[in-house]
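Asks: Sharing a structure, written as structure tokens. Questions coming.
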Amino acid sequence: MTLPERFHAALPGSALPRDLARQITTAMAAVDVRLRAAYEALSAADRDRRRADGGWSLHSTLEHLALTNEAYLAPMRALVPRMSAQRLPGTTARWRSTFVGKWLARSLAMRVPLPAPRRVQPGPTARPDVLDAVIGSHRDMASLMAEVADMDWTADRLVSPLNALVRMNFGDACVIVLRHSERHAAQIEALVAQLAARHDVM
């Protein structure tokens with residue numbers, strides 16, 4: 001499925017954590033609006049209809065998003081006590097992306113197809129209220145970012161929940177979750193347009 005030339009919000013490669021948190025929270029709220037609009041544009045039957053190329057349905061894509069967000073939130077929460085222990089009163093350390101974090105975020109912002117890790121591949125049926133689960137996970141991340149906005153987001157590393165060989169800082173994980181959500185919001189919007197065109201032909 002073809003994605004638009006640009007489907008993600010502009011973010012800096014370096015910023016104060018509080019500023020980055022505010023930008024990501026705003027961008028995620030915009031994603032939530034797009035997801036809800038796409039969801040409401042489809043009938044109950046169309047929400048389970050796969051793409052013409054055999055790709056995921058809307059419900060399956062949302063389930064994948066929920067699984068991925070939950071997978072990231074767990075190690076991000078586990079990192080907070082270590083970040084707090086290393087906090088220096090009165091400091092405002094800037095966040096800077098790691099090489100791996102930058103590479104992953106850029107990959108998600110590209111239009112090329114990317115395989116989903118097995119752990120976050122959706123099953124045959126999405127959970128009830130899957131859209132609310134995705135939006136809820138975005139709000140959970142916004143709350144977590146606000147909680148640690150005055151801490152050093154580069155002081156420690158977390159292991160990627162999807163690849164044990166990949167380590168990233170807290171800010172990297174926040175950006176990756178956003179980019180991943182933006183990517184699939186664009187795919188869902190393309191699916192809605194595809195299904196609308198299919199109905200017009202019928």
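The values are calculated or read from the model by the stated rules, or taken from the named source; none is laboratory data. Just so it is clear, the model here is predicted, and its values are computed rather than measured. Cβ coordinates were reconstructed from backbone atoms using ideal geometry, including for glycine residues, and neighbour counts include every protein chain displayed.
Asks: In this structure, is T92 modelled with pLDDT of 95 or more and farther than 25 Å from G123 by Cα?
Replies: The answer is no for T92.
Asks: Identify the single condition in (1) in a helix (DSSP H, G or I); (2) out of contact with any Cys (no Cβ under 9 Å at 6 or more places or on another chain); (3) of a type in the set (A, V, I, L, M, F, W, C); (4) closer than 19 Å to G13 by Cα that M145 does not satisfy, given that it satisfies every other one.
Replies: Here M145 meets the rest and fails (2).
Asks: Shifting gears a bit: Could you say whether any residue in region 22-44 is of a type in the set (S, T, Y), under 21 Å from E147 (Cα atoms) and modelled with pLDDT of 95 or more?
Replies: yes
Asks: Can you tell me which residue in region 30-73 is surrounded by the most Cβ atoms within 10 Å (Cβ to Cβ), limited to those that are of a type outside the set (V, I, T) and within 14 Å of V175 (Cα to Cα)?
Replies: Applying the filter and picking the extreme gives Y72.
Asks: Run W95 past the list (1) buried (at least 16 other Cβ atoms within 10 Å of the Cβ); (2) out of contact with any strand residue (DSSP E or B) (no Cβ under 8 Å at 6 or more places or on another chain); (3) not small (G, A, S) and report the number of the one that doesn't hold.
Replies: Looking at each condition in turn, W95 falls short on (2).
Asks: Of all residues in region 110-120, which are of a type in the set (A, V, I, L, M) and surrounded by fewer than 18 Cβ atoms within 10 Å (Cβ to Cβ)?
Replies: Residues satisfying the conditions are M110, V112, L114, A116.
Asks: Here is a further query. Pull up region 126-176, narrow it to residues that are surrounded by fewer than 15 Cβ atoms within 10 Å (Cβ to Cβ) and aliphatic (A, V, I, L, M), then point me to the one that is farthest from R77 (Cα to Cα).
Replies: It comes out as L165.
Asks: Of these, L195, L144, L165, which one is over 15 Å from E63 (Cβ atoms) and under 19 Å from the mean Cα position of the chain (by Cα)?
Replies: L144
Asks: A further question on this structure: Among the numbered criteria (1) within 30 Å of D48 (Cα to Cα); (2) in contact with a helix residue (DSSP H, G or I) (Cβ under 9 Å, 6 or more places away or on another chain); (3) surrounded by 13 or more Cβ atoms within 10 Å (Cβ to Cβ), which single criterion is violated by G123?
Replies: G123 satisfies all of (1) within 30 Å of D48 (Cα to Cα); (2) in contact with a helix residue (DSSP H, G or I) (Cβ under 9 Å, 6 or more places away or on another chain); (3) surrounded by 13 or more Cβ atoms within 10 Å (Cβ to Cβ) except (3).
Asks: What are the pairs, 6+ residues apart or on separate chains, where a residue within region 32-55 that is in contact (Cβ under 8 Å) with a residue 24 or more places away in the chain and of a type in the set (S, T, Y) has its Cβ under 7 Å from a residue that is assigned to a loop (DSSP other than H, G, I, E, B) and surrounded by 12 or more Cβ atoms within 10 Å (Cβ to Cβ)?
Replies: Here the result reads none, with nothing in region 32-55 linked to a residue that is assigned to a loop (DSSP other than H, G, I, E, B) and surrounded by 12 or more Cβ atoms within 10 Å (Cβ to Cβ).
Asks: Keeping to region 36-67, report how many residues are in a loop (DSSP other than H, G, I, E, B) and not charged (D, E, K, R).
Replies: Count: 9.
Asks: Does region 91-116 hold any residues that are within 14 Å of the chain's Cα centre (by Cα), in a helix (DSSP H, G or I) and touching a residue at least 24 places away in the same chain (Cβ under 8 Å), and which are they?
Replies: Once the filter is applied, which keeps residues that are within 14 Å of the chain's Cα centre (by Cα), in a helix (DSSP H, G or I) and touching a residue at least 24 places away in the same chain (Cβ under 8 Å), region 91-116 yields G101, L104, A105, L108.
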